[in-house]
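The values are calculated or read from the model by the stated rules, or taken from the named source; none is laboratory data. Since the structure is predicted, the reported quantities are computational estimates derived from the model, not experimental observations. Backbone-built Cβ (ideal geometry, glycine too); neighbour counts: all protein chains shown. Protein only, heavy atoms only, side chains kept; ligands, DNA and RNA dropped before computing areas. Shrake-Rupley method; radii C 1.70, N 1.55, O 1.52, S 1.80 Å.
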Amino acid sequence: MKDVAEKCGVHPSTVSRALSPVMSHLVAPEVAERIRTAAATLGYQPNVTAAGLRTGRSGLIGVLAPDISDPGFPPILSGVTETLNAAGYATIVADVGPDPSRERELVDKLIARGVDGLVLATVVLNDPVVGHCLAASIPVVLVNRSDSGRRLPAVVTDDEAGMRLAVDHLVALGHRRIGHIAGPQDVSTGALRRAGFRAAAARAGLPAQNILIETARAYTRDEGRLAALRLLDRKQAATAIVAANDLLALGIYDALGERGLKCPADLSVVGHNDMPYVDMLSPPLTTVRIAQRQMGEAVARLLLARIADPSTRRERIVLEPILIVRGSTASPGDRE
């Protein structure tokens, strides 16, 4: 740092500020650029470990993902990492995967590595890891899911409103027998979307026997296929199905293929999330779009605020979804 300061004719503290994403605004832009150029020329890299000893912070944030292979998660992660990077933080992403018991273990490993905060996209409704994090007194925020007691700050979408958009769209097309493939009921998105579907169908005046629900054990394509087959086997056949997420909707497409049925000629399908590439399906998927990237950006800002002041109130941000109409929905014709 002293070498960079001598080369630029400034004090070492000015070099420190110029090379800090958090403090660079305190240095004149032309001076900061000269310092960064000199640092690159001299091969200087700030000693993050030494800085951490001085400030008590590691500059690291832990992010727990429910399933890193789910195409819906990367847009959230992109919003999180870009916002945190701009504030000088690096992220460590841990994939919980199909075994939820690993959540507590991964949280402890991240805390042991000195992360300054955690973003959890993994919690279930009654999740003991919430109390564990509160006891550890580490800044934690939730994204996309929330815990039943709402004990932690969270950024989520309005799940019930999303189901209302889907059901109202299908009813406007003329559908009167509508099915729902719900997500796991121990997760807020599964429980709230199922409740939202029931409420929207009842409000639309659908008879109880025309409201058909099957619950998937996981948010996977195969679980969507199995649940869709169960719906198709019912005596009271649905003319449209609303899925709790797009992976489940892909499973509906698979089930229709197995039964020799076509979408939307034989069955209309609505997904949820608008994950990447669903517009390239055949037919392109009508779905409820949630602001995934903005969700990630918002949760990162929420976490930065809690790191700066742990006493800030437990804020809950709810983003509004929108319906994206594509080719997978149509009038039921004479199937009603």
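Just give me the residues in region 214-258 being small (Gly, Ala, Ser) and open to solvent by 40 Å² or more (accessible area, probe 1.4 Å), in sequence order.
Result: ALA237, GLY257.
Here are the criteria: (1) free of Cβ contacts under 8 Å to residues at least 24 places away in the same chain; (2) farther than 30 Å from THR239 by Cβ; (3) in a helix (DSSP H, G or I). Tell me which single one HIS132 does not satisfy.
(1)
Across region 279-315, what is the number of residues that are without any contact (Cβ under 8 Å) to a residue 40 or more places away in the chain and touching a Ser or Thr at 6+ places or on another chain (Cβ under 7 Å)?
1
Within region 71-83, is even one residue more than 19 Å from ILE290 (Cβ to Cβ) and touching a residue at least 40 places away in the same chain (Cβ under 8 Å)?
no
So how many residues does region 94-119 have that are in contact (Cβ under 8 Å) with a residue 12 or more places away in the chain, more than 20 Å from GLY296 (Cα to Cα) and assigned to a loop (DSSP other than H, G, I, E, B)?
Number of matching residues: 4.
Could you say which residue among PRO184, PRO128 is at pLDDT below 95 and within 24 Å of ILE68 (Cα to Cα)?
Result of the check over PRO184, PRO128: PRO128.
Taking region 178-213 on its own, how many of its residues are without any contact (Cβ under 8 Å) to a residue 60 or more places away in the chain and surrounded by 23 or more Cβ atoms within 10 Å (Cβ to Cβ)?
Of the residues in that region, 7 qualify.
Are there any helices (runs of 4 or more DSSP H) wholly within region 29-92 with 3 or more residues that are within 13 Å of VAL119 (Cβ to Cβ) and at pLDDT 90 or above, and if so which?
Per the criteria, 73-86.
Give me a count of the residues in region 277-336 that are outside any loop (DSSP other than H, G, I, E, B), more than 20 Å from VAL143 (Cβ to Cβ), open to solvent by less than 20 Å² (accessible area, probe 1.4 Å) and aliphatic (A, V, I, L, M).
1
I'm checking my understanding of the structure. Among residues of region 109-130 that are farther than 15 Å from VAL63 by Cα and either open to solvent by 20 Å² or more (accessible area, probe 1.4 Å) or of a type in the set (Phe, Trp, Tyr) (or both), which one is nearest to the chain's Cα centre (by Cα)?
VAL124
Anything in region 259-276 that is touching a residue at least 60 places away in the same chain (Cβ under 8 Å), crowded, with 23+ Cβ neighbours inside 10 Å and of a type outside the set (Gly, Ala, Ser)? List them, or say none.
CYS263, VAL269, VAL270, HIS272, ASN273, MET275
Quick grid of which residues meet (1) more than 21 Å from ASP246 (Cα to Cα); (2) in contact with a helix residue (DSSP H, G or I) (Cβ under 7 Å, 6 or more places away or on another chain); (3) crowded, with 24+ Cβ neighbours inside 10 Å; (4) charged (D, E, K, R):
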{"position": "HIS132", "(1), (2), (3), (4)": "yes, yes, no, no"}
{"position": "VAL141", "(1), (2), (3), (4)": "yes, yes, yes, no"}
{"position": "ARG145", "(1), (2), (3), (4)": "no, yes, no, yes"}
{"position": "ARG150", "(1), (2), (3), (4)": "yes, no, no, yes"}
{"position": "GLU160", "(1), (2), (3), (4)": "no, yes, no, yes"}
{"position": "HIS169", "(1), (2), (3), (4)": "no, no, no, no"}
{"position": "ARG176", "(1), (2), (3), (4)": "yes, yes, no, yes"}
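Just checking, does region 317-324 include any residue being modelled with pLDDT of 95 or more, over 15 Å from the mean Cα position of the chain (by Cα) and either over 18 Å from ASP246 (Cα atoms) or of a type in the set (Lys, Arg) (or both)?
No, every residue in region 317-324 fails to be modelled with pLDDT of 95 or more, over 15 Å from the mean Cα position of the chain (by Cα) and either over 18 Å from ASP246 (Cα atoms) or of a type in the set (Lys, Arg) (or both).
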